[in-house]
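Heads up: the structure comes next, in structure tokens.
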Amino acid sequence: MSEVITKYTRNVPHWQPRVVPVDLAEATEEQLEALKVTPSNTKVSDYVLTLAHDVESLKVRSPLFNAIMYDKGGMSRSERELGALGASMVNHCIYCAAVHAMRHAQLENSTKTTDELFQNGSNANLEPRERAIFDFAVALSQCPSQAGPEHIEALQQSGLDEAEILDLILSSSLFGWANRLMHVLGDPVRKHDVS
């Protein structure tokens, strides 16, 4: 028995797919080739195994994900995670919000920012640079046209250069897409023992 989770947390829930994921033992050569490049170089998740049903899309998705979230230069990893977290909160993607909040806290070696965001949402008391990053990610995720010149100016005044702003646009936009795909394919659940 499982319960769908509706509250933000850094504890990453189990993601329960609605489509049966590809079984690695029965995967085709094309699926195995597409699965070689996993986003975080960890165990292949049920999400990625579900995406493996569409080999052509997965072959493009994983390198794109890696480039946006992990490439050197530009915005810091933790700030990319903050952009992804802002998008995930707008889209109410509990699973992605947990993953990006957990990664942000690990990279920053602090839970201060994510605690504040989960407790107070858009009214969170953030450092000016974090505020500019989060506000831009939220505006872009609510409706791209809401991310206006005032958001870019706030980012620039907070010290972000053009490469960092581009990384923020890419990380926030990537999760605008990924959140919606994840919602359709499954649910974040907490498993309960049935005894």
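The values are calculated or read from the model by the stated rules, or taken from the named source; none is laboratory data. Please read these numbers as outputs of a predicted model, since none were measured by experiment. Heads up, the Cβs are rebuilt from the backbone with ideal geometry, glycines too, and the neighbour counts pull from every protein chain shown. To get the accessible areas, we keep the full protein, side chains included, count just its heavy atoms, and leave off ligands, DNA and RNA. Shrake-Rupley method; radii C 1.70, N 1.55, O 1.52, S 1.80 Å.
What single numbered condition from (1) open to solvent by 50 Å² or more (accessible area, probe 1.4 Å); (2) at pLDDT below 95; (3) of a type outside the set (Ser, Thr, Tyr) fails to hold for GLY74? With respect to (1) open to solvent by 50 Å² or more (accessible area, probe 1.4 Å); (2) at pLDDT below 95; (3) of a type outside the set (Ser, Thr, Tyr), GLY74 is out only on (1). Here GLU26 qualifies as more than 16 Å from MET182 (Cα to Cα) and open to solvent by 40 Å² or more (accessible area, probe 1.4 Å).
In segment 164-187, the residues that are over 14 Å from PRO17 (Cα atoms) reach residues that are surrounded by 21 or more Cβ atoms within 10 Å (Cβ to Cβ) and among the aromatic types (Phe, Trp, Tyr) with C-beta atoms within less than 9 angstrom, at least six apart or across chains, in these pairs: ILE165/PHE136; LEU168/PHE136; ILE169/PHE136; SER172/PHE136. Of all the numbered requirements in (1) under 15 Å from the mean Cα position of the chain (by Cα); (2) assigned to a helix (DSSP H, G or I), THR50 misses one, and that requirement is (1).
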